């Protein structure tokens with residue numbers, strides 16, 4: 001077995017006959033790892049449990065399967081499999097990923113009923129035999145010496161089965177001087193054209209194109225104006241990098257779209273409309289006026305026109321394709337021109353030709369003059385430029401000069417806001433059609449400013465999400481550290497929420513959800529995990545449509561993908577800071593969850609988290625007051641600042657309050673993740689009515705895996721208590737003292753309560769005899785040494801609610 005020392009878990013590797021009689025384990029020269037008995041009989045061997053590779057002397061029997069890895073560096077099971085089916089056919093399949101079942105067969109032998117075993121023999125032939133050992137079909141027939149080469153046959157993450165060789169020395173008979181794995185044969189001959197599945201994305205995923213190269217290698221690429229969904233996993237496919245055409249007939253968008261032409265590409269299947277004997281203009285116009293049409297395919301030879309919608313599947317680059325693919329894209333004035341009628345193009349062709357000749361001559365003279373005047377000037381300034389604008393590796397941002405930004409802000413005249421380390425000014429980029437920008441100038445007198453600047457540019461420059469403020473560029477000139485953001489026309493959430501605008505309940509709900517989604521992206525979805533550390537209304541900005549956009553990553557701390565926590569000095573704003581900041585405890589993403597909980601209460605109640613001038617002292621601290629209102633069932637008192645809209649949706653408001661309470665738990669491990677929060681706000685998962693659960697879980701596992709609960713159907717509010725009375729009654733009471741649950745059969749004589757290592761919670765007498773035990777009252781789980789009797793009624797049912805454990809949970 002494989003032991004995970006960090007969390008105490010075990011994974012069985014050899015589960016079958018290797019349970020008794022094993023005398024030793026050995027790694028054989030063949031590459032076979034065996035567990036053997038005293039007389040060297042193999043009780044278990046890795047050759048019988050292949051993953052994605054087979055080696056010389058290894059065989060595959062019926063129902064044996066190789067699974068490709070997920071990616072080149074991720075060795076979990078992937079999207080393809082190579083199997084000898086029970087009916088004797090040796091085949092390559094796409095998988096119903098993420099399931100392991102086969103989907104589409106893209107290569108196979110004609111051996112139904114007779115195929116019995118795949119052999120990789122000493123001569124390094126790979127072939128299929130029948131039950132008598134007779135050869136039925138060759139998989140790889142290139143003879144290579146085992147003496148000179150290491151060999152393997154691997155099902156690659158791209159779905160191609162390749163026979164590889166690697167020279168054992170530089171003096172091998174073939175490929176002298178080379179020392180790497182090379183391919184001698186592969187199946188199928190061309191996977192790009194071999195896969196044409198009706199369900200699934202094809203060899204490279206939806207909306208992508210598969211290009212076949214030498215030695216069976218393939219390249220996955222996106223069509224023009226499409227971009228990869230995940231650069232680390234290109235087989236997730238591609239997406240449009242523009243806003244798709246809407247289907248509102250009252251406001252058609254045909255004038256906003258045009259076509260990019262591509263040759264030699266094909267997306268078999270998936271046509272939803274087909275016209276015959278039409279011309280090119282008809283095909284284009286038909287697709288332009290159809291909001292479902294993503295690509296039109298026109299065959300000039302036949303006059304055929306096919307229309308295809310998203311997602312596109314089985315995409316490949318094929319030089320044998322004679323038609324034109326017209327990819328519909330949204331027109332950008334800086335890149336594309338609107339479609340022009342063919343007749344006008346022909347009328348202007350002569351003028352264009354004459355004008356082009358004149359322009360070439362004039363351009364040549366101008367370019368020669370400019371080159372002469374400025375070449376030496378540019379050369380002399382080259383070194384200075386590199387010093388003025390230090391590069392930030394891996395980020396494609398505009399580098400502004402200080403004078404550009406000084407001019408754009410009219411000498412930093414209009415101040416938008418001021419923080420501890422920076423001041424933000426409004427500016428206008430004359431070079432970009434008068435686009436408004438927000439210019440954040442870091443205080444050069446602050447000691448940590450250079451670190452703040454580099455952290456913020458590095459973090460934000462790699463982010464891309466609709467709920468984050470976009471960083472457009474920066475200035476790193478001399479002592480000047482300046483960041484340039486897109487300008488948010490509706491200001492901050494603070495001014496919108498606490499001002500006179502009276503935002504509606506629906507607007508506030510959307511703002512809360514947008515903020516949660518932005519934090520989820522920072523915590524779990526961007527390339528480097530980011531802890532914001534200062535979530536508050538002033539750092540939530542609103543765009544033209546009042547969409548929430550998280551700003552100010554100047555205090556963000558980056559975590560590498562293999563880290564989970566950091567320890568640092570105080571960050572953030574008083575009132576929004578999680579308790580762990582004041583305890584010198586490790587700081588995790590849960591500090592942002594806490595801050596979001598306070599922010600969510602402010603959004604719900606339309607008031608600040610602290611109001612020192614309020615007459616009723618009990619209402620000064622919003623979180624305490626909200627908790628008191630919840631306990632007294634007077635949540636409506638929180639809505640005094642509202643226009644009454646929330647009162648009609650009091651159940652939803654109560655749900656939001658419970659989510660906020662969960663977020664601001666003192667123990668970070670009890671707080672939900674931002675993924676949980678987002679799902680609850682979206683309504684895809686539910687939070688319990690009251691929110692707290694008395695439960696037993698594994699206390700040495702980071703994720704709290706509940707194995708028993710007392711009050712799953714009747715959750716309790718904050719402030720509830722667990723009590724063992726003097727007369728032996730063990731009960732759970734809510735904040736008002738009402739009994740919610742008790743151990744029914746625990747009568748008199750209870751001396752103590754104990755949590756056993758088995759996971760059994762017991763009430764025992766002085767003789768340590770159990771009078772009541774949780775093992776006799778199971779919920780949805782049983783544990784080792786636990787039994788289910790006829791008398792005991794098991795309630796093994798799945799909990800359908802996301803719940804949170806009360807502070808006095810049993811460990």
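The values are calculated or read from the model by the stated rules, or taken from the named source; none is laboratory data. Since the model is a prediction, treat every value here as computed from it, not as a measurement. So basically every Cβ, Gly included, is an ideal-geometry build from the backbone, and we count neighbours across all protein chains shown.
Per the conditions (1) surrounded by fewer than 16 Cβ atoms within 10 Å (Cβ to Cβ); (2) under 29 Å from the mean Cα position of the chain (by Cα); (3) at pLDDT below 90, the sole criterion not satisfied by residue 234 is (1).
Counting residues that are touching a strand residue (DSSP E or B) at 6+ places or on another chain (Cβ under 6 Å) and at pLDDT 85 or above, which strands (runs of 3 or more DSSP E) fully inside region 665-770 reach at least 2?
Numbers: elements: 687-693, 695-697, 706-709, 721-724, 730-733, 739-742, 752-755, 761-764.
Filter on region 665-770 gives 695-697, 706-709, 721-724, 730-733, 739-742, 752-755, 761-764.
In this structure, residue 314 does satisfy being assigned to a loop (DSSP other than H, G, I, E, B), modelled with pLDDT under 95 and buried (at least 18 other Cβ atoms within 10 Å of the Cβ).
From the residues in region 281-293 that are touching a residue at least 40 places away in the same chain (Cβ under 8 Å) and surrounded by 15 or more Cβ atoms within 10 Å (Cβ to Cβ), which one is farthest from residue 256 (Cα to Cα)? Out of the qualifying residues, it is 283.
Of the residues making up region 35-54, those that are under 25 Å from residue 133 (Cβ atoms), under 38 Å from the mean Cα position of the chain (by Cα) and assigned to a loop (DSSP other than H, G, I, E, B) are 49, 50.
So which of 101, 76, 86 is at negative phi, outside the structural domain of residue 220 (by TED's automatic domain parsing) and more than 34 Å from the chain's Cα centre (by Cα)?
On the way: 101 fails: more than 34 Å from the chain's Cα centre (by Cα); 76 fails: more than 34 Å from the chain's Cα centre (by Cα).
On inspection, the qualifying residue turns out to be 86.
Looking across 568, 489, one residue alone is at pLDDT 85 or above and not in a helix (DSSP H, G or I). It is 489. Is it fair to say residue 81 is modelled with pLDDT of 95 or more and in contact with a helix residue (DSSP H, G or I) (Cβ under 9 Å, 6 or more places away or on another chain)? Judged against the criteria, residue 81 is not a match.
Can you give me the number of residues within region 225-272 that are in contact with a helix residue (DSSP H, G or I) (Cβ under 7 Å, 6 or more places away or on another chain) and assigned to a loop (DSSP other than H, G, I, E, B)?
Within region 225-272, the subset in contact with a helix residue (DSSP H, G or I) (Cβ under 7 Å, 6 or more places away or on another chain) is 228-230, 254, 257, 259.
Within this subset, residues satisfying the condition of being assigned to a loop (DSSP other than H, G, I, E, B) are 229-230.
Total meeting the criteria: 2.
Output the number of residues of region 202-224 satisfying the condition of being assigned to a loop (DSSP other than H, G, I, E, B) and either assigned by TED's automatic domain parsing to the domain that holds residue 153 or at pLDDT 90 or above (or both).
Filtering region 202-224 for residues assigned to a loop (DSSP other than H, G, I, E, B) gives 202-208, 213, 217, 222-224.
After this cut, where a residue has to be either assigned by TED's automatic domain parsing to the domain that holds residue 153 or at pLDDT 90 or above (or both) as well, the list is 202-208, 222-223.
Qualifying residue count for the region: 9.
The single condition from (1) more than 29 Å from residue 121 (Cβ to Cβ); (2) not assigned by TED's automatic domain parsing to the domain that holds residue 124 that residue 42 fails is (1).
Among the candidates 479, 563, 507, the residue that is at pLDDT below 80 and surrounded by fewer than 21 Cβ atoms within 10 Å (Cβ to Cβ) is uniquely 563. If you go through region 150-157 one residue at a time, do you hit one that is assigned to a strand (DSSP E or B), more than 30 Å from residue 205 (Cα to Cα) and touching a residue at least 24 places away in the same chain (Cβ under 8 Å)? Yes. Does residue 500 fit the bill of being surrounded by fewer than 21 Cβ atoms within 10 Å (Cβ to Cβ), within 17 Å of residue 606 (Cα to Cα) and at pLDDT below 90? It is true that residue 500 is surrounded by fewer than 21 Cβ atoms within 10 Å (Cβ to Cβ), within 17 Å of residue 606 (Cα to Cα) and at pLDDT below 90. If I filter region 763-775 for residues that are touching a residue at least 60 places away in the same chain (Cβ under 8 Å) and in contact with a helix residue (DSSP H, G or I) (Cβ under 7 Å, 6 or more places away or on another chain), do I get at least one hit? No, every residue in region 763-775 fails to be touching a residue at least 60 places away in the same chain (Cβ under 8 Å) and in contact with a helix residue (DSSP H, G or I) (Cβ under 7 Å, 6 or more places away or on another chain).
With respect to residue 252, is the statement that it is surrounded by 14 or more Cβ atoms within 10 Å (Cβ to Cβ), modelled with pLDDT under 90, over 30 Å from the mean Cα position of the chain (by Cα) and outside the structural domain of residue 164 (by TED's automatic domain parsing) true? Talk me through it step by step, then tell me what you get.
Details: surrounded by 14 or more Cβ atoms within 10 Å (Cβ to Cβ): yes; modelled with pLDDT under 90: yes; over 30 Å from the mean Cα position of the chain (by Cα): yes; outside the structural domain of residue 164 (by TED's automatic domain parsing): yes.
Yes; evaluated as a whole, the condition is true for this residue.
Summed over region 417-441, residues that are without any contact (Cβ under 8 Å) to a residue 60 or more places away in the chain and more than 16 Å from residue 470 (Cβ to Cβ) total 10. If the condition is being over 17 Å from residue 162 (Cβ atoms) and part of a strand (DSSP E or B), then region 123-147 contributes 128, 129, 135, 136, 137.
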